[in-house]
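Just below is one structure, and these are the notes that go with it.
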Amino acid sequence: MKVGIFYSFNTGKTRSVGERIQKAFGEQAESIDIEIVDANKFSEYDLIIFGASTWYDGGLPEYWNDILPDLENANLKDKPIAIFTLGNQQGYPDHFGDAIFVLAEIFEAQGAKLHGFTSTEGYTFNASKSIRDGKFMGLLIDEESQPELTKDRINNWVEDLKSLCN
Ligand SMILES: Cc1cc2nc3c(=O)[nH]c(=O)nc-3n(C[C@H](O)[C@H](O)[C@H](O)COP(=O)(O)O)c2cc1C
């Protein structure tokens, strides 16, 4: 299974988490800078991972305004995808990690199939749009409040996604 991990190379923490996810996958995965991506590139991968931190009361970081128009016509029909975000449950407990939901809405509307749901256990927050059927709709990393849990969260998520190819 060939895995493409798409995130902005110009970010701090998102980039670091993206690199750690790539490392956990090993050789089958590569990172691609979402800021300069050609949407045709998606067809090269069996699984596409999108990453973005959550900003602005549950929105995407500003640079996504330039990215989204280029993705509108991407053919993601039946394409397996997974999403990770970074959030801060102490600083933004009412919009914790909402960016997963924002990205999922966009890509599911294009026909993508969302994988990599995770448990909400171990997090403390008031509300998150990124919960469906009692689970986060992707991987939620909190480098501000719970950096010590990041390693296990990444490894567990990647192991779960690897099982997609079995
Ligand atoms: C202006 C601003 C707004 C933020 N808004 C949210 C938010 O609504 N929800 C959340 O969970 N985290 C929020 N955060 C926390 C970031 O997602 C977190 O700090 C993340 O680690 C940033 O990663 P980055 O440096 O790759 O952008 C916000 C951070 C900033 C600076």
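The values are calculated or read from the model by the stated rules, or taken from the named source; none is laboratory data. Everything numeric here is computed off the predicted structure, so don't read it as measured data. Cβ coordinates were reconstructed from backbone atoms using ideal geometry, including for glycine residues, and neighbour counts include every protein chain displayed. Surface accessibility is based on the protein's heavy atoms, side chains included, excluding ligands, DNA and RNA. Shrake-Rupley method; radii C 1.70, N 1.55, O 1.52, S 1.80 Å.
Restricting to DSSP H runs of at least four residues, report the calculated mean residue ellipticity at 222 nm for the chain, -39500 (n - 2.57) per run over all residues, nearest 500 deg cm²/dmol. Before the final figure, lay out the partial values.
On the way: 4 runs with 45 residues, N = 166.
After summing the helix terms and dividing by the residues of the chain, the value is -8500 deg cm²/dmol.
Roughly what % antiparallel, to the nearest 5, for the DSSP beta bridges in the chain?
Working: 5 of 26 bridges.
Here the antiparallel bridges make up roughly 20 percent for the chain.
Give me the 1.4 Å probe accessible area per residue for the range 1-118, excluding ligands and nucleic acids, in Å².
On the way: 5420 Å² over 118 residues.
So the range 1-118 comes to 46 Å² accessible per residue, rounded to a whole number.
In whole percent, and with a 1.4 Å probe on the protein chains, what portion of the accessible area of the range 64-127 is carbon and sulfur?
Numbers: 1400 of 3130 Å².
C and S atoms contribute 45 percent here.
Along the chain, counting only GluC sites (Glu not before Pro) with a DSSP assignment other than H, G, I, E or B and at most 10 other Cβ atoms inside a 10 Å radius, the longest segment between sites is 1-61. Between exposed trypsin sites (Lys or Arg not before Pro) in the chain, where DSSP calls loop and at most 14 other Cβ atoms lie within 10 Å, what's the longest gap? The segment 78-166 is the longest one with no such site.
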